[in-house]
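Asks: Before anything else, here's the structure in question.
The values are calculated or read from the model by the stated rules, or taken from the named source; none is laboratory data. These figures come from a predicted structure and were not determined experimentally. Glycine gets a Cβ as well: all are built from the backbone with ideal geometry, and neighbour counts include every protein chain shown.
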């Protein structure tokens with residue numbers, strides 16, 4: 001991963017909090033092409049793979065603008081971030097202005113409008129994770145990865161070697177795993193200090209981080225399947241009376257698997 | 001955390017039946033365990049009007065937060081030939097809520113079957129499952145299940161050879177709590193920023209692409225196959241008269257066994273929090289709890305025996321919401337909890353309406369002043385009054401969702417806020433002292449501040 005990993009000031013602070021120098025820097029970056037219309041396909045050189053993904057998304061919806069979010073996902077997966085070049089390419093494929101897509105990329109939290117580290121680690125710092133040590137987890141991950149914990153907590157920070165991007169994030173919908181983190185789009189938790197170090201080391205070695213803490217392996221909190229509630233058992237029995245298979249319920253006509261109540 | 005090797009009393013598993021059965025996410029296992037029996041019945045034997053009547057008769061109330069009758073909502077859509085849509089709200093982003101995640105991850109076909117039946121009931125040819133982008137691995141599970149359902153003929157241009165068309169698209173969001181608000185969701189699905197719309201017109205009349213749209217939560221739609229298969233009367237044997245059925249409750253925070261538990265509505269809250277989720281750690285007590293996610297006004301230890309139902313929570317001045325219980329034990333600082341809550345809504349406010357955009361911003365700033373010791377008790381009155389000025393004054397309830405819990409914390413725990421102000425002021429005045437970030441670690445030593453007289457005079 002190369003490139004400047006520092007976020008431009010106007011992406012990390014409200015513009016009315018910028019210093020005069022930052023304001024001048026921002027104005028200097030404004031380019032005439034920012035006001036450009038819909039780019040032509042031949043001007044932007046879209047990689048075939050990216051173009052196919054975007055066109056496929058456009059075909060899924062009754063109206064093509066609905067493919068905007070999928071198109072930005074495709075750009076981000078292709079380039080590692082929503083780069084201006086990638087956005088122009090998506091805009092050309094979709095027939096919208098780059099500004100239209102940029103307005104979306106800056107609204108949604110999961111799109112990166114500046115280059116970020118290779119592995120993305122989002123650490124939940126909302127209520128349940130905070131009560132269970134989410135702030136400490138963020139600091140431990142930053143220490144192991146070599147990222148600035150204050151920046152990470154505010155707007156996200158990449159490690160100096162470009163390997164990691166760590167960000168304190170609002171509720172990820174996994175309060176049962178508190179404190180938890182989303183690592184390269186997979187959930188892990190609850191994570192302690194040792195897990196934080198182990199996860200970063202595993203990622204450096206190209207392995208799956210702390211697989212035993214993966215959400216996909218977690219059983220329901222209530223434990224193994226209890227005996228069915230009598231009302232549920234009654235319904236299941238009447239759906240599958242002895243000797244009568246269920247009606248053919250699929251065009252395949254294969255209902256043999258549906259016979260007999262389970263367990 | 002230890003797990004006992006048996007299911008605990010109190011759970012009534014209907015949607016969570018066979019939840020950890022290996023392979024349940026595949027179509028073979030789902031069918032083997034009784035799945036895809038309701039959709040054939042819906043498509044072969046029932047008219048769409050009968051489907052809507054069955055859903056209304058079942059008394060199924062929306063599980064996303066508002067608790068509105070699903071059948072009634074469906075009946076608001078105009079009849080007749082036009083482009084109509086069903087949207088499944090899987091943008092679960094409310095702090096404390098994680099039930100839809102487990103329902104989709106482990107039993108995606110239950111939801112797909114419910115979506116297809118809902119589409120038949122209202123005459124929609126398109127269903128969109130709007131899933132939050134953070135749930136990427138769950139969306140992958142859904143994608144695989146949807147492909148299987150197409151392959152088996154449960155979805156597509158000709159559902160079970162009946163000429164009915166139901167297309168289902170899994171749409172990944174990209175990180176914005178506001179997209180869980182139904183009109184914000186629609187704008188986002190149309191490829192815009194997720195800004196809420198002015199209502200009316202309601203989505204049932206003018207929703208996605210301007211067409212009539214039914215929007216329901218994952219858990220609501222997951223109930224539908226059970227109702228269609230077993231009948232409304234059977235369904236009403238679960239839960240209470242006004243809140244029939246089961247509810248998947250997410251319990252988290254300071255409890256020993258956090259997770260999703262499926263219960264009948266109306267069971268005592270204490271049973272869910274203590275018998276199922278294990279209650280707080282040994283020697284700790286419940287100090288405050290959110291009964292319905294972080295948007296619900298907090299309740300106290302004295303209210304633990306209330307039945308867990310839409311009505312009882314509303315009567316207690318709070319709400320059941322999406323059914324997410326967050327427990328704060330006696331080590332947690334309520335002012336710091338209020339600050340976390342306010343910061344979340346400040347971050348997530350879309351900025352369209354002034355009371356929400358400015359109100360969440362200033363509430364967070366004032367609560368920061370409280371925890372830094374720069375506030376006076378009068379600021380607490382200002383905080384309380386700001387909350388009152390947000391409620392009911394915006395296009396959607398995001399601002400209200402901060403104002404209600406923060407307002408409830410300030411009014412129910414005012415003494416603790418005042419103590420926090422005193423303690424933070426005195427620790428800030430000591431050289432080298434730093435305000436700790438740990439929940440509840442208030443340093444009361446060396447307290448000697450000119451604020452004392454002022455605070456005690458209040």
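Asks: I'd like to verify a number: residues in segment B:169-183 that are at the interface with another protein chain (Cβ under 10 Å from one of its Cβ atoms), within 20 Å of residue B:203 (Cα to Cα) and not in a loop (DSSP other than H, G, I, E, B), how many?
Replies: Result for segment B:169-183: 6.
Asks: Would you pick out the residues in segment B:268-282 that are crowded, with 17+ Cβ neighbours inside 10 Å, at negative phi, in a loop (DSSP other than H, G, I, E, B) and over 20 Å from the mean Cα position of the chain (by Cα)?
Replies: Answer for segment B:268-282, where residues must be crowded, with 17+ Cβ neighbours inside 10 Å, at negative phi, in a loop (DSSP other than H, G, I, E, B) and over 20 Å from the mean Cα position of the chain (by Cα): just B:280.
Asks: Filtering segment A:48-66 down to residues that are over 22 Å from the mean Cα position of the chain (by Cα) and assigned to a helix (DSSP H, G or I), which residue is surrounded by the most Cβ atoms within 10 Å (Cβ to Cβ)?
Replies: So in segment A:48-66, the residues over 22 Å from the mean Cα position of the chain (by Cα) come out as A:48, A:59, A:62-64.
Checking which are assigned to a helix (DSSP H, G or I) leaves us with A:48, A:59, A:64.
On the way: A:48: 7, A:59: 9, A:64: 19.
Going through the qualifying residues, I end up with A:64.
Asks: Now, a different point. State the number of residues belonging to segment A:37-93 that are touching a residue at least 40 places away in the same chain (Cβ under 8 Å) and within 14 Å of chain B (Cβ to nearest Cβ). Even if it seems obvious, please write down each step before you answer.
Replies: Applying the first criterion (touching a residue at least 40 places away in the same chain (Cβ under 8 Å)) to segment A:37-93 yields A:37-41, A:43-47, A:50-51, A:54, A:80, A:85, A:88-93.
From what is left, the residues that are within 14 Å of chain B (Cβ to nearest Cβ) are A:54, A:90-91, A:93.
Within segment A:37-93, residues that are touching a residue at least 40 places away in the same chain (Cβ under 8 Å) and within 14 Å of chain B (Cβ to nearest Cβ) number 4.
Asks: Of all residues in segment A:155-164, which are surrounded by fewer than 20 Cβ atoms within 10 Å (Cβ to Cβ) and under 18 Å from the mean Cα position of the chain (by Cα)?
Replies: Scanning segment A:155-164 gives A:155, A:163.
Asks: A further question follows. Can you pull out every residue in segment A:155-170 that is closer than 28 Å to residue B:327 by Cα and out of contact with any helix residue (DSSP H, G or I) (no Cβ under 7 Å at 6 or more places or on another chain)?
Replies: The answer is A:169, and nothing else.
Asks: Name the one entry in A:137, A:122 that is assigned to a helix (DSSP H, G or I), surrounded by 24 or more Cβ atoms within 10 Å (Cβ to Cβ), within 13 Å of chain B (Cβ to nearest Cβ) and modelled with pLDDT of 95 or more.
Replies: On the way: A:122 fails: assigned to a helix (DSSP H, G or I).
Just one listed residue meets the conditions, A:137.
Asks: Can you work out which of the residues in segment B:241-264 that are part of a loop (DSSP other than H, G, I, E, B), touching a helix residue (DSSP H, G or I) at 6+ places or on another chain (Cβ under 8 Å) and more than 9 Å from chain A (Cβ to nearest Cβ) is nearest to residue B:111 (Cα to Cα)? Give the derivation first.
Replies: Residues of segment B:241-264 part of a loop (DSSP other than H, G, I, E, B): B:241-243, B:245, B:254-258.
The next check asks that each one be touching a helix residue (DSSP H, G or I) at 6+ places or on another chain (Cβ under 8 Å); those that pass are B:242-243, B:245, B:254-255, B:257-258.
With more than 9 Å from chain A (Cβ to nearest Cβ) added as a condition, the list becomes B:242-243, B:245, B:255.
Details: B:242: 24, B:243: 21, B:245: 16, B:255: 29 Å.
The extreme case among them is B:245.
Asks: Let me spell it out: the conditions are (1) in contact with a helix residue (DSSP H, G or I) (Cβ under 6 Å, 6 or more places away or on another chain); (2) crowded, with 23+ Cβ neighbours inside 10 Å; (3) over 17 Å from residue B:115 (Cα atoms), and residue B:181 meets all of them except one. Which number is the exception?
Replies: All conditions are met except number (1).
Here is a yes/no grid of residues against (1) in the same structural domain as residue B:348 (by TED's automatic domain parsing); (2) more than 25 Å from residue A:216 (Cβ to Cβ); (3) surrounded by fewer than 24 Cβ atoms within 10 Å (Cβ to Cβ):
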position	(1), (2), (3)
B:68	no, yes, yes
B:72	no, yes, yes
B:111	no, no, no
B:114	no, no, no
B:118	no, yes, no
B:133	no, no, yes
B:140	no, no, yes
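Asks: For segment A:173-207, which residues satisfy the criterion of being within 14 Å of chain B (Cβ to nearest Cβ) and closer than 23 Å to residue A:77 by Cα?
Replies: If the condition is that a residue be within 14 Å of chain B (Cβ to nearest Cβ) and closer than 23 Å to residue A:77 by Cα, then A:173, A:181, A:182, A:183, A:184, A:185, A:186, A:187, A:188 are the ones that fit.
Asks: Could you tell me whether segment B:196-213 includes any residue that is farther than 23 Å from residue A:63 by Cβ and out of contact with any helix residue (DSSP H, G or I) (no Cβ under 7 Å at 6 or more places or on another chain)? Steps first, please.
Replies: Quick first cut of segment B:196-213, residues farther than 23 Å from residue A:63 by Cβ only: none.
Checked against the condition, which is being farther than 23 Å from residue A:63 by Cβ and out of contact with any helix residue (DSSP H, G or I) (no Cβ under 7 Å at 6 or more places or on another chain), segment B:196-213 yields no hits at all.
Asks: Please determine whether any residue of segment B:103-120 is free of Cβ contacts under 8 Å to residues at least 60 places away in the same chain, within 11 Å of chain A (Cβ to nearest Cβ) and either closer than 22 Å to residue B:71 by Cβ or out of contact with any helix residue (DSSP H, G or I) (no Cβ under 7 Å at 6 or more places or on another chain) (or both). Give the derivation first.
Replies: Looking only at segment B:103-120, we keep the residues that are free of Cβ contacts under 8 Å to residues at least 60 places away in the same chain, and these are B:112, B:119.
With within 11 Å of chain A (Cβ to nearest Cβ) added as a condition, the list becomes none.
Within segment B:103-120, not a single residue is free of Cβ contacts under 8 Å to residues at least 60 places away in the same chain, within 11 Å of chain A (Cβ to nearest Cβ) and either closer than 22 Å to residue B:71 by Cβ or out of contact with any helix residue (DSSP H, G or I) (no Cβ under 7 Å at 6 or more places or on another chain) (or both).
Asks: Output the residues belonging to segment B:189-215 that are part of a helix (DSSP H, G or I) and out of contact with any strand residue (DSSP E or B) (no Cβ under 7 Å at 6 or more places or on another chain).
Replies: Once the filter is applied, which keeps residues that are part of a helix (DSSP H, G or I) and out of contact with any strand residue (DSSP E or B) (no Cβ under 7 Å at 6 or more places or on another chain), segment B:189-215 yields B:209, B:210.
Asks: In segment B:23-47, which residues are away from every other protein chain (no Cβ under 11 Å), touching a residue at least 12 places away in the same chain (Cβ under 8 Å) and more than 29 Å from the chain's Cα centre (by Cα)?
Replies: B:46
Asks: Right, another one. Return the only residue of B:229, B:197, B:193 being within 9 Å of chain A (Cβ to nearest Cβ), over 24 Å from residue B:111 (Cα atoms) and in contact (Cβ under 8 Å) with a residue 60 or more places away in the chain. Write out each step before concluding.
Replies: Numbers: B:229 fails: over 24 Å from residue B:111 (Cα atoms); B:197 fails: within 9 Å of chain A (Cβ to nearest Cβ).
Answer to the check: B:193.
Asks: May I pose another question? Under the condition of being outside any helix (DSSP H, G or I) and in contact with a helix residue (DSSP H, G or I) (Cβ under 6 Å, 6 or more places away or on another chain), which residue from segment B:371-409 is farthest from residue B:355 (Cα to Cα)?
Replies: Of all residues in segment B:371-409, those outside any helix (DSSP H, G or I) come to B:373-376, B:391-397.
Cutting the leftovers down to in contact with a helix residue (DSSP H, G or I) (Cβ under 6 Å, 6 or more places away or on another chain) gives us B:373, B:375, B:391, B:393-394.
Values: B:373: 26, B:375: 22, B:391: 9, B:393: 7, B:394: 7 Å.
Of everything passing the filter in segment B:371-409, B:373 is farthest from residue B:355 (Cα to Cα).
Asks: Among the residues of segment A:150-157, is there at least one that is more than 11 Å from chain B (Cβ to nearest Cβ), assigned to a helix (DSSP H, G or I) and touching a strand residue (DSSP E or B) at 6+ places or on another chain (Cβ under 6 Å)?
Replies: Looking for residues that are more than 11 Å from chain B (Cβ to nearest Cβ), assigned to a helix (DSSP H, G or I) and touching a strand residue (DSSP E or B) at 6+ places or on another chain (Cβ under 6 Å), one finds at least one in segment A:150-157, hence yes.
Asks: Only residues that are under 19 Å from residue B:175 (Cβ atoms) and within 11 Å of another protein chain (Cβ to nearest Cβ): list them for segment B:86-102, please. Give the derivation first.
Replies: Keep residues of segment B:86-102 that are under 19 Å from residue B:175 (Cβ atoms), which gives B:87-98, B:100-101.
Correct list: B:90, B:91, B:92, B:93, B:94, B:95, B:96, B:97, B:98, B:100, B:101.
Asks: Now, a different point. Out of (1) over 15 Å from residue B:215 (Cβ atoms); (2) at pLDDT 95 or above; (3) touching a helix residue (DSSP H, G or I) at 6+ places or on another chain (Cβ under 7 Å), the odd one out for residue B:10 is which?
Replies: (2)
Asks: May I ask you to list the residues in segment B:283-330 that are part of a strand (DSSP E or B) and within 14 Å of the chain's Cα centre (by Cα)?
Replies: Step one: list which residues in segment B:283-330 are part of a strand (DSSP E or B), which gives B:286-290, B:299-300, B:307, B:324-329.
If the condition is that a residue be part of a strand (DSSP E or B) and within 14 Å of the chain's Cα centre (by Cα), then B:290, B:324, B:325, B:326 are the ones that fit.
Asks: A further question follows. Looking at A:167, A:85, A:89, can you tell me which residue is surrounded by 19 or more Cβ atoms within 10 Å (Cβ to Cβ) and in a helix (DSSP H, G or I)? Reasoning before the result, please.
Replies: On the way: A:167 fails: in a helix (DSSP H, G or I); A:85 fails: surrounded by 19 or more Cβ atoms within 10 Å (Cβ to Cβ).
So the residue among A:167, A:85, A:89 that is surrounded by 19 or more Cβ atoms within 10 Å (Cβ to Cβ) and in a helix (DSSP H, G or I) is A:89.
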